[in-house]
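The values are calculated or read from the model by the stated rules, or taken from the named source; none is laboratory data. Nothing here was measured: the structure is a model prediction, and the numbers come from that model. Ideal geometry is used to build each Cβ from the backbone, glycine not excepted, and the neighbour counts take in all protein chains shown. Protein only, heavy atoms only, side chains kept; ligands, DNA and RNA dropped before computing areas. Shrake-Rupley method; radii C 1.70, N 1.55, O 1.52, S 1.80 Å.
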Number of protein chains: 2
Amino acid sequence: MRVNLKPIATVRNGVTDDVDDWDKVTSRLIFEREWVDGLYKLGRFDHVLVIFGFHRKRGVKLRVHPRHDPSKPLVGVFASRSPRRPNKLGLTRVELLSVRGNVVTVQGLDAYDGSPVFDVKPPLDEIDY
Amino acid sequence: MRVNLKPIATVRNGVTDDVDDWDKVTSRLIFEREWVDGLYKLGRFDHVLVIFGFHRKRGVKLRVHPRHDPSKPLVGVFASRSPRRPNKLGLTRVELLSVRGNVVTVQGLDAYDGSPVFDVKPPLDEIDY
(Lines give C-alpha, C1' and ligand atoms only; values in the text may rest on other atoms or scores of the structure.)
Protein backbone atom coordinates (compact mmCIF):
# COMPACT_ATOMS: atom_id res chain seq x y z
CA MET A 1 0.00 0.00 0.00
CA ARG A 2 1.38 3.34 -1.05
CA VAL A 3 0.08 6.69 0.11
CA ASN A 4 0.00 9.80 -2.00
CA LEU A 5 0.86 13.10 -0.37
CA LYS A 6 0.18 16.46 -1.91
CA PRO A 7 2.26 19.38 -0.63
CA ILE A 8 0.17 21.94 1.23
CA ALA A 9 2.90 24.58 0.90
CA THR A 10 6.34 25.23 -0.55
CA VAL A 11 9.41 26.54 1.31
CA ARG A 12 10.92 29.79 0.05
CA ASN A 13 14.19 30.85 1.69
CA GLY A 14 16.76 31.06 -1.10
CA VAL A 15 18.84 28.34 0.55
CA THR A 16 20.29 25.97 -2.02
CA ASP A 17 23.01 24.27 0.02
CA ASP A 18 23.72 23.26 3.61
CA VAL A 19 24.24 26.12 6.04
CA ASP A 20 26.15 26.21 9.31
CA ASP A 21 23.30 27.45 11.43
CA TRP A 22 19.78 26.71 10.30
CA ASP A 23 18.46 28.50 13.38
CA LYS A 24 19.27 31.78 11.67
CA VAL A 25 17.40 30.95 8.46
CA THR A 26 14.05 32.63 7.89
CA SER A 27 11.70 30.74 5.59
CA ARG A 28 8.36 31.60 4.06
CA LEU A 29 5.93 28.74 3.66
CA ILE A 30 3.78 29.63 0.66
CA PHE A 31 0.49 27.80 1.18
CA GLU A 32 -1.78 26.57 -1.56
CA ARG A 33 -4.86 28.81 -1.64
CA GLU A 34 -7.23 25.93 -0.95
CA TRP A 35 -5.78 25.48 2.56
CA VAL A 36 -5.53 29.10 3.72
CA ASP A 37 -8.64 28.85 5.88
CA GLY A 38 -6.90 26.09 7.84
CA LEU A 39 -4.38 28.67 9.09
CA TYR A 40 -7.04 30.48 11.13
CA LYS A 41 -5.75 31.13 14.67
CA LEU A 42 -2.35 29.55 13.92
CA GLY A 43 -0.78 32.92 14.74
CA ARG A 44 -1.45 32.42 18.44
CA PHE A 45 1.44 29.98 18.70
CA ASP A 46 5.09 30.88 19.31
CA HIS A 47 6.31 27.72 17.61
CA VAL A 48 4.94 25.22 15.12
CA LEU A 49 5.96 21.74 14.03
CA VAL A 50 6.64 21.43 10.32
CA ILE A 51 6.61 18.11 8.46
CA PHE A 52 8.37 18.56 5.15
CA GLY A 53 10.19 16.62 2.45
CA PHE A 54 13.95 16.29 2.01
CA HIS A 55 13.16 16.57 -1.67
CA ARG A 56 16.75 16.77 -2.92
CA LYS A 57 18.13 13.83 -0.95
CA ARG A 58 18.62 10.59 -2.84
CA GLY A 59 18.98 7.09 -1.48
CA VAL A 60 18.70 5.63 2.01
CA LYS A 61 21.55 4.86 4.41
CA LEU A 62 20.37 2.38 7.01
CA ARG A 63 23.29 3.07 9.37
CA VAL A 64 24.78 6.51 9.75
CA HIS A 65 27.39 8.37 11.73
CA PRO A 66 25.48 11.01 13.73
CA ARG A 67 26.07 14.55 12.46
CA HIS A 68 28.24 13.20 9.61
CA ASP A 69 31.00 12.71 12.20
CA PRO A 70 32.95 9.50 11.43
CA SER A 71 34.32 9.47 15.00
CA LYS A 72 30.80 8.83 16.32
CA PRO A 73 29.65 5.19 16.38
CA LEU A 74 27.12 4.13 13.76
CA VAL A 75 23.43 4.15 14.63
CA GLY A 76 20.40 3.03 12.64
CA VAL A 77 18.71 5.68 10.55
CA PHE A 78 15.61 5.60 12.79
CA ALA A 79 17.85 6.36 15.79
CA SER A 80 19.07 9.45 13.91
CA ARG A 81 17.67 12.52 12.23
CA SER A 82 19.53 11.80 8.98
CA PRO A 83 17.66 12.96 5.86
CA ARG A 84 18.73 9.81 3.97
CA ARG A 85 15.78 7.89 5.43
CA PRO A 86 12.84 6.01 3.97
CA ASN A 87 10.10 8.44 2.90
CA LYS A 88 12.48 11.41 3.35
CA LEU A 89 10.27 13.18 5.88
CA GLY A 90 11.74 16.01 7.93
CA LEU A 91 10.23 17.20 11.20
CA THR A 92 11.32 20.43 12.86
CA ARG A 93 10.00 22.65 15.61
CA VAL A 94 10.42 26.21 14.35
CA GLU A 95 9.76 29.68 15.64
CA LEU A 96 6.58 31.17 14.17
CA LEU A 97 7.17 34.77 13.08
CA SER A 98 3.95 35.63 11.26
CA VAL A 99 0.87 34.35 9.43
CA ARG A 100 -0.34 36.64 6.65
CA GLY A 101 -2.72 35.44 3.96
CA ASN A 102 -1.21 32.30 2.48
CA VAL A 103 2.29 33.00 3.83
CA VAL A 104 3.57 31.56 7.10
CA THR A 105 6.99 32.92 8.06
CA VAL A 106 9.15 30.82 10.35
CA GLN A 107 12.68 30.79 11.65
CA GLY A 108 14.91 27.73 12.07
CA LEU A 109 13.56 25.40 9.39
CA ASP A 110 16.33 23.14 8.04
CA ALA A 111 14.83 22.81 4.56
CA TYR A 112 16.17 23.89 1.20
CA ASP A 113 14.34 26.34 -1.02
CA GLY A 114 11.54 24.56 -2.85
CA SER A 115 10.99 21.85 -0.26
CA PRO A 116 7.43 20.54 -0.09
CA VAL A 117 5.55 21.00 3.20
CA PHE A 118 3.12 18.25 4.11
CA ASP A 119 1.78 19.42 7.46
CA VAL A 120 1.98 22.12 10.09
CA LYS A 121 0.87 21.35 13.64
CA PRO A 122 0.86 23.28 16.92
CA PRO A 123 3.19 21.97 19.63
CA LEU A 124 1.20 20.19 22.35
CA ASP A 125 2.95 22.18 25.07
CA GLU A 126 1.55 25.41 23.62
CA ILE A 127 -2.05 24.27 23.12
CA ASP A 128 -4.12 25.91 25.82
CA TYR A 129 -7.59 24.80 24.73
CA MET B 1 3.87 17.52 -7.52
CA ARG B 2 2.71 14.54 -5.55
CA VAL B 3 4.93 12.44 -3.33
CA ASN B 4 4.56 8.74 -2.84
CA LEU B 5 5.09 7.32 0.63
CA LYS B 6 5.54 3.66 1.39
CA PRO B 7 4.76 2.52 4.93
CA ILE B 8 7.85 1.33 6.79
CA ALA B 9 5.74 -0.45 9.40
CA THR B 10 2.16 -1.27 10.38
CA VAL B 11 0.51 -0.64 13.76
CA ARG B 12 -0.85 -3.68 15.59
CA ASN B 13 -2.83 -2.96 18.76
CA GLY B 14 -6.29 -4.43 18.22
CA VAL B 15 -7.84 -0.96 18.56
CA THR B 16 -10.65 -0.47 16.05
CA ASP B 17 -12.42 2.54 17.55
CA ASP B 18 -11.63 5.64 19.61
CA VAL B 19 -10.53 4.99 23.19
CA ASP B 20 -10.76 7.26 26.23
CA ASP B 21 -7.10 7.13 27.11
CA TRP B 22 -4.62 6.43 24.35
CA ASP B 23 -1.80 6.71 26.89
CA LYS B 24 -2.74 3.25 28.14
CA VAL B 25 -2.64 1.63 24.70
CA THR B 26 0.34 -0.56 23.87
CA SER B 27 1.08 -0.89 20.14
CA ARG B 28 3.46 -3.04 18.18
CA LEU B 29 4.96 -1.47 15.10
CA ILE B 30 5.68 -4.35 12.73
CA PHE B 31 8.51 -3.17 10.49
CA GLU B 32 9.08 -4.27 6.94
CA ARG B 33 12.13 -6.55 6.89
CA GLU B 34 14.06 -4.29 4.54
CA TRP B 35 14.26 -1.54 7.19
CA VAL B 36 15.16 -3.61 10.28
CA ASP B 37 18.81 -2.60 10.16
CA GLY B 38 17.69 1.01 10.52
CA LEU B 39 16.45 0.20 14.05
CA TYR B 40 20.01 -0.38 15.30
CA LYS B 41 20.54 1.50 18.60
CA LEU B 42 16.97 2.81 18.64
CA GLY B 43 16.48 0.96 21.94
CA ARG B 44 18.63 3.51 23.76
CA PHE B 45 15.80 6.03 23.71
CA ASP B 46 13.01 6.30 26.29
CA HIS B 47 10.66 7.91 23.78
CA VAL B 48 10.35 8.09 20.02
CA LEU B 49 8.40 10.30 17.62
CA VAL B 50 6.10 8.36 15.29
CA ILE B 51 4.76 9.78 12.03
CA PHE B 52 1.81 7.70 10.92
CA GLY B 53 -1.30 7.86 8.77
CA PHE B 54 -4.86 8.44 9.96
CA HIS B 55 -5.78 5.85 7.38
CA ARG B 56 -9.45 5.52 8.28
CA LYS B 57 -10.27 9.23 8.39
CA ARG B 58 -12.08 10.65 5.39
CA GLY B 59 -12.38 14.27 4.30
CA VAL B 60 -10.81 17.48 5.53
CA LYS B 61 -12.38 20.01 7.90
CA LEU B 62 -10.60 23.34 7.55
CA ARG B 63 -12.01 24.72 10.83
CA VAL B 64 -12.60 22.52 13.83
CA HIS B 65 -13.71 22.74 17.43
CA PRO B 66 -10.71 21.62 19.51
CA ARG B 67 -11.21 18.21 21.10
CA HIS B 68 -14.61 17.85 19.38
CA ASP B 69 -15.97 20.27 22.00
CA PRO B 70 -18.56 22.61 20.39
CA SER B 71 -18.18 25.04 23.31
CA LYS B 72 -14.61 25.76 22.23
CA PRO B 73 -14.17 28.43 19.51
CA LEU B 74 -13.28 27.22 16.03
CA VAL B 75 -9.62 27.14 14.98
CA GLY B 76 -8.00 26.28 11.66
CA VAL B 77 -7.03 22.67 11.16
CA PHE B 78 -3.31 23.60 11.20
CA ALA B 79 -3.84 25.21 14.62
CA SER B 80 -5.24 21.87 15.84
CA ARG B 81 -4.24 18.24 15.98
CA SER B 82 -7.43 17.11 14.25
CA PRO B 83 -6.98 14.00 12.08
CA ARG B 84 -9.27 15.44 9.38
CA ARG B 85 -6.35 17.35 7.86
CA PRO B 86 -4.71 17.43 4.44
CA ASN B 87 -2.37 14.44 4.03
CA LYS B 88 -3.79 12.80 7.20
CA LEU B 89 -0.42 12.62 8.94
CA GLY B 90 -0.34 11.94 12.67
CA LEU B 91 2.64 12.76 14.88
CA THR B 92 2.94 11.47 18.42
CA ARG B 93 5.68 11.22 20.99
CA VAL B 94 5.33 7.77 22.54
CA GLU B 95 7.07 5.75 25.22
CA LEU B 96 9.45 3.18 23.75
CA LEU B 97 9.04 -0.16 25.51
CA SER B 98 11.22 -2.48 23.41
CA VAL B 99 12.90 -3.11 20.07
CA ARG B 100 13.12 -6.79 19.12
CA GLY B 101 13.82 -7.87 15.57
CA ASN B 102 11.32 -6.12 13.34
CA VAL B 103 8.95 -5.28 16.21
CA VAL B 104 9.04 -1.94 18.03
CA THR B 105 6.68 -1.83 21.00
CA VAL B 106 5.45 1.54 22.18
CA GLN B 107 2.91 2.95 24.58
CA GLY B 108 0.62 5.92 23.97
CA LEU B 109 0.24 5.86 20.19
CA ASP B 110 -3.17 7.24 19.15
CA ALA B 111 -3.44 5.12 16.02
CA TYR B 112 -5.94 2.44 15.07
CA ASP B 113 -4.92 -1.11 14.30
CA GLY B 114 -3.54 -1.32 10.77
CA SER B 115 -2.34 2.29 10.56
CA PRO B 116 0.65 2.81 8.29
CA VAL B 117 3.83 4.15 9.90
CA PHE B 118 5.94 6.45 7.72
CA ASP B 119 8.80 7.37 10.04
CA VAL B 120 10.24 6.93 13.51
CA LYS B 121 12.64 9.51 14.87
CA PRO B 122 14.44 10.04 18.18
CA PRO B 123 13.36 13.10 20.18
CA LEU B 124 16.02 15.80 20.01
CA ASP B 125 16.02 16.20 23.79
CA GLU B 126 17.15 12.59 24.19
CA ILE B 127 19.90 12.59 21.57
CA ASP B 128 23.20 12.63 23.42
CA TYR B 129 25.55 12.28 20.46
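Counting only heavy atoms of protein chains, what accessible area per residue, in Å², does segment B:3-85 have with a probe of 1.4 Å?
54
Along Cα-to-Cβ, 7 Å out, sits the label point; list in nm, shortest first, how far the one on residue B:44 is from those in the other copies.
4.0
Give me the net charge of residue A:44's neighbourhood, meaning all other residues with Cβ under 10 Å from the Cβ of residue A:44; Lys, Arg count +1, Asp, Glu -1.
Its environment carries a net charge of -2.
Inside 10 Å of the C-beta atoms of B:28-38, what's the mean count of C-beta atoms belonging to other chains?
That average works out to 3.
Could you tell me which trypsin sites (Lys or Arg not before Pro) in segment B:34-74 are loop residues by DSSP with no more than 12 other beta carbons within 10 angstrom of their beta carbon?
Those satisfying the criteria are B:58.
Which residues of segment A:1-22 bury at least 10 Å² of accessible area once all protein chains are present, versus their chain alone (1.4 Å probe)?
Buried by the other chains: A:1, A:2, A:3, A:4, A:5, A:6, A:7, A:8.
Given +1 on the Cβ of Lys and Arg, -1 on the Cβ of Asp and Glu, and no further charges, what dipole in debye does the protein assembly as shown carry about its Cα centre, rounded to the nearest 20?
1040
Rounded to the nearest 100 Å², what is the sum over both chains of accessible area buried where B meets A, with a probe of 1.4 Å?
Approximately 5000 Å² gets buried when B meets A.
Keeping the other protein chains in place, figure out the carbon and sulfur percent of the accessible area of chain B, with a 1.4 Å probe.
Of the solvent-accessible surface of chain B, carbon and sulfur hold 46 percent.
When all protein chains stay in place, what accessible area (Å², nearest 10, 1.4 Å probe) is found for residue A:82?
Roughly 20 Å² of residue A:82 is accessible to a 1.4 Å probe.
Would you look at the GNM of chain B, springs on alpha carbons closer than 10 Å, and say which of B:75, B:25, B:36 moves the most?
B:75
Work out the charge dipole of the protein assembly as shown with +1 on the Cβ of Lys and Arg and -1 on the Cβ of Asp and Glu about the Cα centre, then indicate which of B:108, B:83, A:1 is farthest towards its positive end.
Among B:108, B:83, A:1, the one farthest towards the positive end of the dipole of the protein assembly as shown is A:1.
Roughly how crowded by other chains is peptide B:42-54, in terms of the mean Cβ count from those chains within 10 Å of each of its Cβ atoms?
2
Once the whole set of protein chains is in place, how much accessible area is left on residue A:1, using a 1.4 Å probe, in Å² to the nearest 10?
Around 150 Å² of this residue is reachable by solvent.
Suppose a student asked you for the relative contact order of segment B:9-124, using Cα pairs under 8 Å spaced at least 6 residues apart; what percent would you report?
43
Pop a pseudo-label 7 angstrom from the Cα along the beta-carbon direction at both residue A:124 and residue A:61 and give the gap in nm to one decimal.
Between residue A:124 and residue A:61, the label points sit 3.2 nm apart.
In debye, nearest 20, what is the charge dipole magnitude of segment A:1-70 about its Cα centre with +1 on Lys and Arg Cβ and -1 on Asp and Glu Cβ, if you could check?
380
Going toward the positive end of the dipole of segment B:9-124, with +1 on Lys and Arg Cβ and -1 on Asp and Glu Cβ, which of B:29, B:14, B:117 do you reach last?
B:117
How big is the accessible area of residue B:98 in square angstrom, nearest 10, if you roll a 1.4 angstrom probe over the protein chains?
Result for residue B:98: roughly 20 Å² accessible.
Rounded to the nearest 20 Debye, what is the dipole magnitude of chain A about its Cα centre when Lys and Arg each give +1 and Asp and Glu each give -1 at the C-beta?
720
Which distances, in nm and shortest first, link the residue A:26 label point to the same label point in every other copy, taking 7 Å along Cα→Cβ?
Values, ascending and in nm: 5.1.
Among the listed pairs A:121/B:6; B:6/B:61; B:41/B:72; A:41/A:88; B:24/B:88, give every one whose C-alpha distance is greater than 31 Å.
Where the Cα-Cα span goes over 31 Å, the pairs concerned are B:41/B:72.
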